[in-house]
Structures are given as C-alpha cells and as structure tokens.
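Asks: Next up is a structure, given as structure tokens.
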Amino acid sequence: MVEKAGQAGAGADEGAMFPHLFAPLTIRGVTLRNRILSTGHDTVLPEDGTVNAALIAYHAARARGGVGLIVTQVAGVHETARYTAHLLMATDDGCIPGYRALAEAVHRHGAAVFAQLFHPGREIMESADGLLAVAYAPSSVPNERFHVMPRALTPRMIDEIVAGYAAAARRMRTAGLDGVEVVASHGYLPAQFLNPRVNLRGDVWGGDAAGRQRFLREVLRAIRAATDEGFVIGLRISAGEREEDGLTAAEALEACVALEADLDYVNVTTGTSATLGGAMHIAPPMAFAPGYVAPDAAAFKRALRVPVFVAGRINQPQEAEAILAAGQADMCGMTRAMIADPEMPGKAARGAVDDIRACIGCNQACIGHFHKGMPVSCIQHPETGRELAYGTLPPAVRRKRVMVVGAGPAGMKAAVTAARRGHDVTLWEAEAQPGGQALLAQLLPRRAEFGGIVTNLMREVERAQVRLRRGARVTEEVLRDEAPDAVILATGARPHVPDLPTDGAVQVVTAWQVLRGEVRPGARVVVADWRCDWIGPGVAEALAKAGSSVVLAVNGLHAGEVLPLYVRDNIAAELHRLRVEVRPYARLYGTAGDTVFLQHTPSGEAVEVERVDTVVLCLGHRPVDDLAEVVERLGIELHMAGDCLAPRTAEEAVFEGLKAGVAV
Ligand code: SF4
C-alpha cells in the first residue's frame with residue numbers, strides 16, 4: 001500500500017511551477033503523491049486474460065515517471081463480461097499473482113494503484129472465436145454501434161454479477177491494490193441500469209431513479225462488505241453520454257448524489273460506447289478542445305463532497321493545473337500524456353516543461369491499436385508498450401560517426417536514439433526546416449497539433465546533442481568527404497503521380513501542392529483518395545471551407561477507412577456538415593473536357609463527375625531512396641527508416657527510426 005506522499009526525484013522546489021498539481025491527496029487513508037492520474041485503458045498487452053510482464057513493465061514505467069495514481073484497465077467480473085478477445089478477467093483467484101506483481105511494481109515507485117471492475121452489458125465489440133456472443137443487458141434494447149440485440153438479465157444473473165464485482169474486489173485487495181473503480185461510464189452495464197431509455201424493467205432493478213440505481217448500490221455495498229474499511233471504492237461515470245438515448249448529465253449526477261455515501265470518489269468522463277457520435281469522447285481526437293470535460297466535472301464537484309476526478313484531452317500540466325486551480329476537479333486524468341511521455345509528471349515537477357513530449361491527440365497508436373486488437377503504443381514514443389524490448393537503450397559497443405540523412409520523424413528519432421547510445425551523430429536535412437511530411441500534415445484542417453511531433457523531436461535532438469545541418473543536401477561527393485562509419489537513410493517520399501489519361505482541360509494537382517498553396521483549385525473539385533487516410537478528407541474539408549463544391553472519391557469503403565475509428569468518425573461528421581459528396585469504391589480513371597471518369601471498383605462500371613475544374617491527387621507516395629545504392633557502393637554501413645523504405649505513416653517512421661538507432 002502507498003502510505004507516504006513522495007515524488008519522483010523529489011527536491012525542495014519540486015512542483016513549484018504547478019502547486020495544485022503536486023499537492024498530495026488522501027482518499028480513505030491512501031495518499032496520492034500528486035493529482036496526476038492514469039485512467040483505466042485497455043492496453044491489449046495481456047495475452048491470456050491475466051496480468052503479464054509486459055503490462056507490469058508498462059505501468060512500472062509510468063509509476064517511475066512520477067504519476068500519482070494508476071487505474072488499471074478493465075477486468076471482467078463475470079463470464080458474460082467478455083467484450084473483447086483480450087479482456088483481463090478477475091473471475092477466479094488465478095488473477096491474484098499477476099495483480100500482486102503489478103501492485104508491487106507500481107508501489108515500488110511511489111504511486112498508488114486501483115483496478116477497474118467491469119461489465120459491458122450490451123456493449124460487446126468482438127469475441128475470441130469470431131462468433132457473435134449472447135449479450136446481456138437490463139432490457140432488450142439494441143446497441144446501435146455494434147449491432148447487438150441483448151437478452152434481458154434475469155434476477156438470478158443480476159445477483160451473480162453483483163457477487164462477481166464483490167469477489168473481484170476481494171481478489172484485488174488480496175493482491176495488494178489500493179482500491180477499485182466500478183466502471184459506470186460510457187454506457188456500460190451500470191450505466192445501462194441507470195438509463196431509463198435502456199432500462200425498461202418493471203421489477204426492483206428498474207422503474208424510478210431509486211430502482212435504476214439499485215444495481216450500483218448493491219454492487220458498491222457488496223464490494224465494501226467483501227473488502228475492508230481501508231480499501232478505496234470509486235465510480236467512473238459519464239457526465240452525460242452526449243447521445244439521444246444516452247444517460248444525461250442530470251441523471252448521472254442524481255445517481256452520484258444518491259450513491260455518494262457508498263463511494264470514495266467519482267471519476268468524471270463523457271460519451272458512450274453505444275454510438276459512433278458518443279464513442280469519440282472515449283478518447284477524443286485532436287479536433288476536440290483540451291480539457292473540454294472540466295466544466296462538466298465542475299458541476300459534480302459542486303454537488304458532491306467526495307473527490308472528483310476528470311479526464312478528456314488534458315495533455316499538458318499547464319491545463320491540469322488550471323483545472324485544479326479553478327476548483328473544477330481534484331485529480332486530472334492524463335493518460336495519453338503519459339502514453340506519449342511516461343516521464344511527464346517528473347518533468348513537470350522539475351519545471352522542465354519544454355522537455356515534455358506532449359501528446360498530440362492523434363489516437364493512432366494508443367486507442368488506434370486497441371481497435372485493431374494490437375498492444376498500446378505511441379507514434380511519438382514507440383517504446384510505449386515495448387518496455388521489455390526498448391525500455392533501456394543498449395550503450396554503443398564502439399562509438400561511430402553516424403550520418404543520418406533526412407530530418408523528418410524517422411531521421412530525428414534515429415539520430416536521437418543513436419546519440420543517446422553514445423554515437424557521434426550528425427543529422428542532415430536538405431530543407432531549411434526539419435520535419436518532413438509532418439510539416440504538411442499539420443496544415444490539414446483541425447490537424448495543427450500534429451506539428452507537435454516536430455517540436456517534440458527537435459527538443460530531443462537538442463537534448464541529445466545531435467549536430468543538425470539544415471539546407472544541406474547529401475550527395476555522393478558529401479558522403480566521400482564525410483566518410484561516416486554508418487549512414488541512416490531517412491529521406492522520405494514524394495507524391496505518387498500516375499500517368500493518367502487526360503486532355504488537360506481539368507487541372508490535375510497533388511495534395512502537397514494544395515497544402516503548400518502552390519495551386520489554386522477552382523469551384524468544382526474532385527479529390528481522388530486512394531489512401532483513405534487523413535489527406536484526402538483533409539484536403540476536401542479545406543477546399544469546401546474555402547467555398548469549393550467537392551466530391552471526395554475514395555478508393556475504399558468510406559472516407560478515412562484506415563484511420564483510428566474516432567478520428568474517422570469525427571472526419572465523417574465534418575464532411576457531412578460541409579456537404580462534401582463522398583463517393584465510395586471509386587478508382588480514378590482519367591479526365592476528358594470538364595468530366596472526371598471514375599470506376600466503381602466492385603462492379604467495374606464507369607462513374608462520371610461533370611463540370612469539374614480541378615482534380616487533387618491523394619494517391620500515395622513513392623520512396624526517395626536514391627542514396628541507398630550509393631552508400632552500399634561506397635561500402636558504408638547502411639540502415640533505412642520510414643518512407644524511404646516504404647511510404648507509410650509517421651508511426652512506422654518513428655519506430656523504424658528507433659530500430660535503426662538501436663541497430664547502428
Ligand atoms: Fe497521443 Fe497520438 Fe501518442 Fe496516442 S499515439 S498517446 S494520441 S501522440
């Protein structure tokens with residue numbers, strides 16, 4: 001158990017810049033050393049439903065970095081709780097040793113740890129065997145997002161599930177955790193009981209507010225009875241699910257007030273898993289304002305005596321400090337901030353704010369990986385989720401003169417990694433401004449924050465004392481003059497422009513030209529989007545906002561098909577508002593006069609778009625890899641990273657930069 005308030009690397013002035021953030025908080029005798037919380041989030045690191053070494057290493061890294069409280073990912077309390085194929089389970093004592101090792105690892109670094117206890121009700125996303133599971137909910141009210149029609153729980157099953165919460169909490173206490181958090185947020189089972197539009201029961205588990213609150217009351221009291229007076233019991237709840245039939249803020253607050261005597265804290269979030277619009281709030285992408293849930297939390301804080309936590313795009317210590325100072329909450333969930341930089345709390349405590357690798361809200365490798373069933377990571381910090389493999393950099397066996405060519409994300413990460421290992425590193429960039437394609441990506445509408453990846457990496461380049469040569473193109477002559485021991489090639493890519501049949505009446509330009517302001521698209525534009533990523537919809541959005549009538553022809557099922565789901569759906573909403581016409585299954589064929597010819601990919605039939613003046617190509621990229629052959633011919637050790645190897649995204653670029661920096 002955590003008893004003393006300590007801080008990572010605590011010194012006399014620790015936390016001076018953020019006095020509210022670094023004020024300890026004691027809940028039921030458990031003292032949290034600061035107000036920074038890692039909220040429960042499914043990491044997909046466990047492989048067989050139990051805590052494993054990878055998950056322990058993941059949380060230990062954040063505890064070492066100075067977080068005050070870690071709430072671990074959801075643990076199922078009943079066999080019917082399996083909402084994904086990779087859920088942690090707390091349904092038998094076999095879970096205890098793993099949780100015990102996790103608690104010891106977190107406590108060793110001075111943080112407290114609670115476990116989330118979970119039942120999804122009708123929110124079943126997937127099953128382990130590909131078959132649709134039988135879902136259970138208070139009533140047979142369908143889930144919109146996962147297309148699930150649940151069975152109504154019988155009173156016997158409800159009793160069983162209540163007992164499951166209690167037994168799971170007892171196991172967490174036995175394992176040495178400091179508390180548990182019952183997940184009533186995002187439309188999961190307890191929220192389904194609270195919601196009069198989802199809970200249509202006529203028995204004691206439904207009806208008026210008291211009846212609908214009965215399930216949670218029974219759960220909380222059963223947990224207390226199964227544990228002890230020193231064990232913290234919290235509740236996570238959405239302060240409004242932000243959907244037509246979702247739990248309202250008033251209903252959620254009414255429940256918290258009614259249940260407060262059985263609670264030690266309330267953790268406020270927003271949104272619901274049940275709909276595409278509501279689910280975006282589970283991990284709001286960068287289009288959402290930082291800290292936007294704080295005003296909702298403030299209403300709970302005014303009405304409750306127990307501490308109130310809040311989360312929702314709180315990415316920087318300055319934002320958290322402002323929320324705490326304004327009295328909107330007592331603790332700030334900064335989960336992605338610590339996925340991107342596990343050392344964020346310690347850096348904030350020391351006032352080293354410029355050294356923090358700020359999360360940019362891209363969702364790509366954290367929740368984006370979750371939705372693909374892959375372990376958590378971060379596009380800026382690929383060491384996340386790979387702590388066992390990359391948690392410690394191996395020192396260089398022999399100090400080499402390393403030349404990194406290209407200061408995009410791949411090159412910068414490679415240079416930093418190689419320099420930290422002890423190599424003598426020079427980073428060469430042909431342009432005046434480092435950043436590569438990230439500089440273009442930040443020009444897409446509502447994606448300005450993406451430029452943070454360049455700011456963050458540039459700071460790391462400085463701190464690692466990498467020599468940066470701007471406006472310096474590397475040629476064979478330069479390679480011969482410099483004669484490095486090793487070259488890491490990270491020269492990126494350029495737009496792929498196929499040889500299209502066209503008579504020239506329609507101007508054909510690339511997305512890069514549009515973003516750089518080099519061309520002026522006309523009144524009627526077709527954006528041809530093969531990648532189905534951010535670029536096509538972003539260009540379409542920008543042009544629609546500038547007054548063009550836009551057809552977005554996507555060579556896939558829908559716009560943003562390959563994107564993290566909440567980013568995709570946020571984009572879909574914006575395109576709809578702007579009346580951008582999205583044509584799915586559309587292959588660009590060519591142009592004649594003012595007509596653009598598309599081909600419907602499943603049927604092969606022609607599709608014509610008339611009265612067009614501009615086609616914008618978003619057809620992917622080609623690698624810029626000319627130097628590879630030269631380096632090899634000169635007999636210099638060669639490594640390649642990012643788009644020059646194969647054009648993909650910043651995530652692959654940064655990870656391959658890390659790998660090249662380790663390999664050299
Ligand atoms: Fe933040 Fe993106 Fe990293 Fe996720 S992947 S933690 S959203 S920077």
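The values are calculated or read from the model by the stated rules, or taken from the named source; none is laboratory data. Worth saying up front: this structure is predicted, and the values here are computed from it rather than measured. Glycine also receives a Cβ, built like all others from the backbone with ideal geometry; neighbour counts cover every protein chain displayed. Just so you know, the surface numbers come from the protein's heavy atoms only, side chains and all, with ligands and any DNA or RNA stripped out. Shrake-Rupley method; radii C 1.70, N 1.55, O 1.52, S 1.80 Å.
Asks: From the cross-link list LYS400/LYS659; LYS347/LYS372; LYS372/LYS545; LYS372/LYS659, which pairs have alpha carbons spaced over 27 Å apart?
Replies: In this structure, LYS347/LYS372; LYS372/LYS545 lie more than 27 Å apart at Cα.
Asks: Then there's this: Calculate what fraction, in whole %, of the accessible area of region 25-371 sits on carbon and sulfur atoms when a 1.4 Å probe is rolled over the protein chains.
Replies: 52
Asks: Let me ask something else about it. Accessible area per residue of region 402-513 at 1.4 Å probe, in Å²?
Replies: I get 41 Å² per residue for region 402-513.
Asks: If contacts are Cα pairs under 8 angstrom and at least 6 residues apart, what is the relative contact order of the chain in percent?
Replies: Relative contact order comes out at 11 percent.
Asks: Provide the solvent-accessible area of ARG524, counting protein heavy atoms only and rolling a 1.4 Å probe, rounded to the nearest 10 Å².
Replies: Surface accessible to solvent at ARG524 totals approximately 50 Å².
Asks: If you take every DSSP beta bridge fully contained in the chain, what fraction is antiparallel? Give it as a percent rounded to 5.
Replies: Details: 17 of 87 bridges.
Counting only bridges with both partners in the chain, antiparallel ones make up about 20 percent.
Asks: Write down the accessible area per residue of region 22-67 in Å², having rolled a 1.4 Å probe over the full set of protein chains.
Replies: 28
Asks: Right, here's the next one. Once the whole set of protein chains is in place, how much accessible area is left on ASP129, using a 1.4 Å probe, in Å² to the nearest 10?
Replies: Counting only protein heavy atoms, ASP129 exposes about 110 Å² to solvent.
Asks: Continuing with the same structure: Less than 10 Å Cβ to Cβ from SER548, Lys/Arg counted +1 and Asp/Glu -1: what total charge do the surrounding residues give?
Replies: Taking every other residue near SER548 into account, the sum is +1.
Asks: Determine the order of TRP512, TRP530 by accessible area, beginning with the largest, at a probe radius of 1.4 Å.
Replies: TRP530, TRP512
Asks: Quick check for me: using +1 on Lys/Arg Cβ and -1 on Asp/Glu Cβ, what's the dipole size of the chain about its Cα centre, in debye to the nearest 20? Walk me through the numbers before you get to the answer.
Replies: Numbers: 67 positive and 77 negative charges, 222 e Å.
So the magnitude is around 1060 debye.
Asks: With just the Cα atoms defining each centre, how far is region 614-644 from region 575-606? Give it in Å.
Replies: Spelled out, the Cα-based centre of one part sits 31 Å from the other.
Asks: State the percentage of accessible surface on region 507-619 attributable to carbon and sulfur atoms; use a 1.4 Å probe and exclude ligands, DNA and RNA.
Replies: 50
Asks: Using the beta-carbon distance between GLU244 and ALA289 and R0 = 22 Å, what value does 1/(1 + (r/R0)^6) give for FRET efficiency, to the nearest 0.05?
Replies: Efficiency at R0 = 22 Å is approximately 0.45.
Asks: Accessible area per residue for region 333-378 in Å², computed with a 1.4 Å probe and the full protein assembly in place, what is it? Show your work: numbers first, answer last.
Replies: Working: 1180 Å² over 46 residues.
Per residue, region 333-378 has 26 Å² of solvent-accessible surface.
Asks: If each of TYR589 and VAL519 carries a label point 7 Å out from its Cα toward its Cβ, how far apart are those two points in nm?
Replies: Those two pseudo-labels are separated by 2.1 nm.
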